[in-house]
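In what follows, a structure is listed as structure tokens, so that the remarks can point back to it.
The values are calculated or read from the model by the stated rules, or taken from the named source; none is laboratory data. Remember, it's a predicted structure, so these values are computed and weren't measured experimentally. Don't worry about glycine lacking a Cβ; one is built from the backbone with ideal geometry, like all the others, and counts go over all protein chains shown. Protein only, heavy atoms only, side chains kept; ligands, DNA and RNA dropped before computing areas. Shrake-Rupley method; radii C 1.70, N 1.55, O 1.52, S 1.80 Å.
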Amino acid sequence: MCGSKVNISEANYLKIKEICASFNNNPGDLINVLHKTQDHFGYLPVEVQKVVAECLGIPATRVYGVVSFYSFFTMKPKGKYAISVCLGTACYVKGGEKILDALKSELKISEGEVTPDGKFSIDVLRCVGACGLAPVMTINGKTYGRLVPEDVKGILAEYAD
Amino acid sequence: MAIKMHILVCGGTGCTASGSKEIIEELNKELTAHDLNDFAKVVVTGCFGFCERGPIVKIIPDNTFYTRVKPEDAKEIIEEHIIKGRKVQRLLYVAPDTNQSVSDSKHMEFYKKQVRIALRNCGFIDPENIDESIARDGYAALGKCLTEMTPEQVIDEIKKSGLRGRGGAGFPTGLKWEIASKSRVGEQKYVVCNADEGDPGAFMDRSLLEGDPHSILEAMAICGYCIGANHGLIYIRAEYPLAIHRLQVAIEQAEQYGLLGKDILGTGFDFTIELRYGAGAFVCGEETALIHSMEGKRGEPTFKPPFPAQSGYLEKPTNVNNVETYANIPVIINKGADWFNKIGTEKSKGTKVFALAGKINNVGLIEVPMGITLREIIYEIGGGIKGGKKFKAVQTGGPSGGCLTEKHLDTPIDYDSLVAAGSMMGSGGMIVMDEDDCMVAIAKFYLGFTVDESCGKCTPCRVGNKRLLEILTKITEGKGTMQDLEELKNLSNVIKDTALCGLGQTSPNPVLSTINNFWDEYVEHVTEKKCRAGQCKALKKYVIDPDKCKGCTACARACPVSAITGTVKNPHVIDQDKCIKCGTCYEKCKFGAISIK
């Protein structure tokens, strides 16, 4: 996977059509449609957005406007193991930034980036609601809590495959 | 044999993250192994609130409260407690002041002062089983409203209760419903539940939805009856998969029971509820932005008026309330406004749920009567500051709120006293900070959040907050001037007065409140280039004490920028101009010769 260019195959085109149809092609359900589409493709490249626009009968600019507005939607693919570091207030005061720094130096990428082998990506999020475990991070939805920077190496090693 | 014992296991997000799923599996395995499935039953509940000590397991009927339970403890719980009736002492909570173990949660400091109205069912019922909700008066209030009360009577009751919106601003709920009920009578209207809890460090709404989804559905139906709406929408963060799942299950069950859908309880009243997902935008907590987002558009706010009650979702009259506000409604109807309005202060009735987090011993979800003091919350419920450090501030109201300090510790908390103290109630995040937290850095943290989350529609918020962040960054890097401090104040006031929506109008609050309460700290950063908390990296200064330095050269070899010079067995020196304050030398020194100034 490189960049945000995917060729829309017949199968993918039909999949998007099917998702839109499940919402009766209602433009008011655009955000729900995009959630489903991102669940399927992992991200929302421009080509996919164009098909969504076509199905819902709205301009592609409106779809792009919504995708770029909300932080949950991404136009770039994430790593096989997507790491999210919580920097909500509770995690911030308990040293969430140090966890982020440790990850960055370990993986040699910045937040919002993917390792060259496509294995890990780092993102920052604001509060997963597990403030009792602060500071926390999640890897593909699995939560790791009460972290100290020294934990990072061992946790990443769990994903050595 | 009938079920005699229930083993309640917290299935909230916090406890799930620390392994409650595995505990449930192990408990069930042990029950089966001992052929006890007819005698005891494992129930997955919502949040107990005491997240610090999670995962929590509670045994009913003897109310034994086990803390920090691990999957491998399941065997002992079943064999000792369930079979032999002996409590597993090592899993009981030990009160830090008396060093005695406490078995029943109602005797714990953490719970003693709490009054649980909104959270009444959280940690008691299985949220995925409507029968358990009904057994605790679920949908009784809806039945009462539909069969015994007119919409006007219900609204009057809510007005009399004094309930104010729990989402932040505190607008009287009964009045809001009355306005919506009188707006464009006979037209299609909508009831909306705002579950877009974007405030970092707050998890009240999520816990409520995960622990007691039926109360919210019931209250929305009551609201629909009052204002003349037959459709409701819950706008919920996509980041809350567990809450979404439980709501979906709850809606389905309520429809099966005829408590939602067509002709509810045979009264001819129809009400349906659907979910709409947010997609990570803090501004969508603002009601006009939320409505645009529900319509599938960018979540940008618009001028009020028109208020949603006049023209909201799809330009129809719409009533928007927050999750916690709805959670109070059924209780008010069941127990009466006169019961409710005796709790709290003169202008703020009832209770408030807070997410207590930060540098405090007992992190968790608490519900306290309005009028309680910060001292009671922090030192009694919260168990004091972590590590015996000194209390510095508590932040309420998230990015829209402010910091309260030592001098506010004995102020009774309500909507108005918090505003008077320069903060606000907000949705209920309460972050405790100690002497190691730099207040300038905290203000910068919040501004960083606001700049990220500003929708960009109005200039004061889009540009003004960016400038505030730049000035704060300058100050934390030791490049600030006294003129900058004046600019901060002026610009903050301009943004407050001119921004379009609630997000922009309140975004300078963290700056203003830290300036008001911690002016000395700002001045220190500017004039002495000093950060007393040692948080601002650029202002840190690493110094080698020549008397303690043995000249082992470990620091010089480790320094990534060769800022340390010296010869073997002679004291070394750090070149402050070259030093990048990475702290490597500090960690390498075995003789404690390097200190941070």
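Quick rundown of the values:
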quantity	calculated
Solvent-accessible area per residue for chain B (1.4 angstrom probe, square angstrom)	39 Å²
Residue-averaged beta-carbon neighbours from other chains (10 angstrom radius) around A:57-69	2
Cβ-defined net charge surrounding residue B:579, 10 Å radius [Lys, Arg +1; Asp, Glu -1]	+2
Computed FRET value (nearest 0.05) for residue A:153 with residue A:113, which takes r as the C-beta separation and R₀ as 25 Å	0.85
Accessible-area composition of chain A, carbon plus sulfur, in percent [1.4 Å probe]	52 percent
Relative contact order for the stretch B:226-301, counting Cα pairs under 8 Å that sit 6 or more residues apart, in percent	31 percent
Sequence ranges B:216-228, B:197-209, ranked by mean other-Cβ count within 10 angstrom, highest first	B:197-209, B:216-228
Shielding by other protein chains, B:285-297, mean Cβ within 10 Å	3
5 angstrom amide H check on residue A:113, placed H, neighbours 5+ away	A:122
Pairwise burial A:B, computed as accessible area of each alone minus the pair, summed, 1.4 Å, Å²	3100 Å²
Residue order for B:562, B:400 - accessible surface, 1.4 angstrom probe, largest first	B:562, B:400
Cβ-Cβ FRET estimate between residue A:98 and residue B:304, R0 fixed at 51 Å, reported to 0.05	0.75
Mean projection area, nm², convex hull over Cα of chain B	30.9 nm²
Net charge, residue B:362 excluded, C-beta distance under 10 Å - Lys, Arg +1, Asp, Glu -1	-1
List B:68, B:246, ordered by accessible area with a 1.4 Å probe, largest first	B:68, B:246
Derived scalar couplings ³J(HN,Hα) [the stretch B:479-491; Karplus, 6.51 cos²θ - 1.76 cosθ + 1.60; whole Hz; x for Gly, Pro]	10, x, 10, 4, 4, 4, 5, 5, 4, 4, 5, 4, 4
Shielding of B:268-280 by partner chains, average beta-carbon count, 10 Å	3
Convex hull projection area averaged over all views, the stretch B:512-597, Cα basis, nm²	6.2 nm²
Inter-part distance where the stretch B:271-342 and the stretch B:438-515 are each reduced to a Cα centre, Å	28 Å
Over chain B: helical MRE at 222 nm, DSSP H runs n ≥ 4 each giving -39500 (n - 2.57), nearest 500	-9500 deg cm²/dmol
Distant-in-sequence amide H partners of residue A:79 (H built 1.01 Å from N, under 5 Å)	A:121
Karplus 3J(HN,Hα) series, Hz, for the stretch B:144-155 with 6.51 cos²θ - 1.76 cosθ + 1.60 (x for Gly, Pro)	4, 4, 6, 9, 10, 10, 8, x, 5, 5, 5, 4
Chain A - mean residue ellipticity at 222 nm from DSSP helices (-39,500 (n - 2.57) per run, n ≥ 4, rounded to 500)	-13000 deg cm²/dmol
Within the stretch A:81-157: Cβ-based charge dipole about Cα centre, in debye rounded to nearest 20 (Lys, Arg +1; Asp, Glu -1)	200 debye
Per-residue SASA entry for residue B:552, accessible area with 1.4 Å probe, Å² rounded to 10	60 Å²
Interchain or long-range residues, amide H under 5 Å from residue B:93's placed H	B:67, B:102
Largest-first ordering by accessible area, 1.4 Å probe, given options B:136, B:532, A:62	B:532, B:136, A:62
Of all DSSP beta bridges in chain B, antiparallel share, percent nearest 5	60 percent
Accessible-area composition of chain B, carbon plus sulfur, in percent [1.4 Å probe]	51 percent
1.4 Å probe, heavy atoms, protein only - residues of the stretch A:105-139 losing at least 40 Å² accessible area vs chain alone	A:126, A:127, A:129, A:131, A:132, A:133
Residue B:48 accessible area, assembled protein chains, probe 1.4 Å, Å²	10 Å²
Those residues of the stretch A:74-95 for which accessible area with every protein chain present is at least 20 Å² below the isolated value (1.4 Å probe)	A:89, A:90, A:92, A:93, A:94
Computed over chain A: relative contact order in percent, which uses C-alpha pairs under 8 Å that are six or more apart	19 percent
Length-normalised contact order for the stretch B:260-406 - Cα pairs under 8 Å, 6+ apart - percent	9 percent
Per-residue HN-Hα couplings for the stretch A:99-108 [Karplus 6.51, -1.76, 1.60; θ = phi - 60°; Hz; x = Gly/Pro]	5, 4, 4, 4, 5, 4, 6, 5, 9, 6
Within-11-Å neighbourhood charge of residue B:460 [Cβ basis; K, R +1; D, E -1]	+4
Within a Gaussian network of chain A (alpha carbon springs, distance under 10 Å), most fluctuating of A:93, A:46, A:33	A:93
Relative counts (whole %) of C-alpha pair distances in the protein assembly as shown, using bins that are 20 Å wide	15, 48, 32, 5, 0
